[in-house]
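Coordinate-derived values only; no laboratory data. If you're wondering where the values come from, they're calculated on a predicted model, not measured in any experiment. As a convention, Cβ positions derive from the backbone with ideal geometry for all residues, glycine included, and neighbour counts pool all protein chains shown.
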Amino acid sequence: MNDSKSDHNTLWDLIKDIRFGMLTHRHNDGMLYSHPLTTQNKSLDQASVLYFFIFEKSELANGLRQDGNVNVSYASPDDDRYVSIAGVARVTHDPAKVEQLWSPAAQDWFPDGPTDPDLALLAVEIRHAEYWDVEESRMKQLFNMAKAALTGEQTPHPSGHKEVNMT
């Protein structure tokens with residue numbers, strides 16, 4: 001298996017069980033705003049696109065139509081897993097994709113179902129990802145930090161950090 005395919009699979013393995021991603025975008029006032037969104041993907045397709053349902057007439061949708069550069073971050077502190085994804089977002093209307101991604105949980109937000117007129121699909125094409133997946137046990141990390149404090153040695157960085165270009 002080539003590195004690109006392996007990186008692609010590793011990235012999906014790191015985020016697939018994290019229910020919410022924090023999407024950060026530049027607001028029209030120049031400030032960065034973040035929104036918790038539920039990742040709708042059931043897998044990460046070969047095009048490396050993440051999907052989210054959003055409201056068609058929302059400030060978020062309007063802002064992303066003007067500037068689609070975004071960051072989506074995922075965190076699972078209990079597992080020491082952290083992922084930061086940089087990409088380009090676009091608001092789309094793809095009934096077939098909405099139907100494919102639809103789940104009963106989405107019904108709470110969009111009561112008219114997949115054809116709800118206020119439903120839009122946000123597609124984020126992943127361009128770059130960075131993740132931290134600490135493979136060492138917490139006890140080993142604590143031991144290394146204590147050892148460094150006692151001996152004056154530099155604390156080693158935890159393993160599991162990698163950057164991945166998806167383009």
Could you grab the relative contact order for the chain? Cα pairs under 8 Å, six or more apart, rounded to a whole percent.
22
What ³J(HN,Hα) values, in whole Hz, does the Karplus curve 6.51 cos²θ - 1.76 cosθ + 1.60 give for region 93-99 when θ = phi - 60°, with x put for Gly and Pro?
10, 10, x, 5, 5, 4, 4
Give me 166, 22 sorted ascending by neighbouring Cβ count inside 10 Å, so fewest comes first.
22, 166
What's the longest uninterrupted piece of the chain once you rule out the GluC sites (Glu not before Pro) that are loop residues per DSSP with at most 13 other Cβ within 10 Å?
1-134
Cross-link candidates for residue 16: which aspartates and glutamates have Cα within less than 19 Å, leaving aside residues fewer than 8 places away along the same chain?
7, 45, 78, 79, 80, 125, 130, 133, 135, 163
If we count every other residue with Cβ under 15 angstrom of residue 25's Cβ, Lys/Arg +1 and Asp/Glu -1, where does the sum land?
0
Could you pull out the trypsin sites (Lys or Arg not before Pro) across region 1-80 that fall in loop regions by DSSP (anything but H, G, I, E, B) with no more than 16 other Cβ atoms inside 10 Å?
16, 19, 42, 57
Given the options 74, 131, 33, state which has the largest fluctuation in a GNM of the chain using a 10 Å cut-off (strictly under) for Cα springs.
33
What list do you get for 35, 93, 25 if you sort them by fewest beta carbons within 10 Å?
93, 35, 25
Could you tell me how many degrees, from 0 to 90 and to the nearest 10, lie between the Cα long axis of helix 138-151 and the main elongation axis, the longest principal axis, of the Cα atoms of the chain?
50
